[in-house]
Amino acid sequence: MSKVIVTPVGKAVYPHLQNPDTRFNDNGVYQCRLHVDEADFNEFSAQVKEIYDKAYKVECAKKDTKVPFATSSHPLRVTDEGNFEIYAKQEALKQTKTKGLLQFRVAAYNAKGTKIQMPAVGSGSELKMAVEPHFWNVSSQGFGMTLRLRSVQIIALKEFSADDTPFASVDGFAGGEAFTNELTNDETPQVSKEANDDAFSF
């Protein structure tokens, strides 16, 4: 069973924490890329690897064979620009077999550890993420891992602005106003066993 672990403090890059990102997933995805320093990255990676190795051994034993590793993107990586990056995400909506449609929210805490309403967290904000390693084995991809985003602790807030998007304005198109989410962010994420058991690729 996966456990929730906390990342070191880092700077958020294009976070979607107050409202989910719907560009590539109609259900919406809460996500954040966190850039940390090298020493913290190595320490956190070692912690995750220990959990990953145990999960891999269990999966191989269950399949009674050596399971291939997934070659898709990994949530811990060094970017082309040399940044040490930790990536976590959480689907905003998920259909389950027994409980129907579940809604997920990312909880927010301030620097003192007090739960707060999720602000408009923008790039450059300093924060920690509470993440849950989730492991999956897909025949077409292999054994992989996703870091599910559960909550964030905001150390220093830089509110979202138009400068936080990598896209320029496109003229000549109607609509395209900012996405607003009807969900509130004042609850701890609720995850059913069924949702935890559903495998999806990173």
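The values are calculated or read from the model by the stated rules, or taken from the named source; none is laboratory data. Everything quoted here is computed from the prediction, not taken from an experiment. Every residue, glycine among them, receives a Cβ derived from its backbone with ideal geometry; neighbour counts consider all protein chains shown. These area figures cover heavy atoms from the full protein model, side chains too; ligands, DNA and RNA do not enter into them. Shrake-Rupley method; radii C 1.70, N 1.55, O 1.52, S 1.80 Å.
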task: Please give the per residue accessible area of segment 2-90, computed with a probe of 1.4 Å over protein heavy atoms only, in Å².
output: 59 Å²
task: Could you list, in their original order, any pairs among Lys89/Lys128; Lys3/Lys54; Lys3/Lys99; Lys128/Lys158; Lys11/Lys49; Lys3/Lys128 whose Cα atoms are separated by more than 19 Å?
output: Lys3/Lys99; Lys11/Lys49
- prompt: Over segment 1-67, what is the mean sequence separation of C-alpha contacts under 8 Å (at least six apart), divided by residue count, expressed as relative contact order in percent?
  reply: 26 percent
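GluC sites (Glu not before Pro), restricted to segment 58-95: which are DSSP loop and have at most 12 other Cβ atoms within 10 Å?
Loop-located and lightly packed - Glu81.
Using mean Cβ contacts within 10 Å as the protection proxy, how do 64-71, 131-138, 116-123 order, highest first?
Put in order of decreasing packing, that is 131-138, 116-123, 64-71.
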- prompt: In terms of modelled amide H atoms, which long-range or inter-chain residues lie less than 5 Å from the amide H of Val152?
  reply: Ala107, Ala108, Tyr109, Ala130
Estimated Rh, segment 1-84: Kirkwood, alpha-carbon pairs, angstrom: 15.3 Å
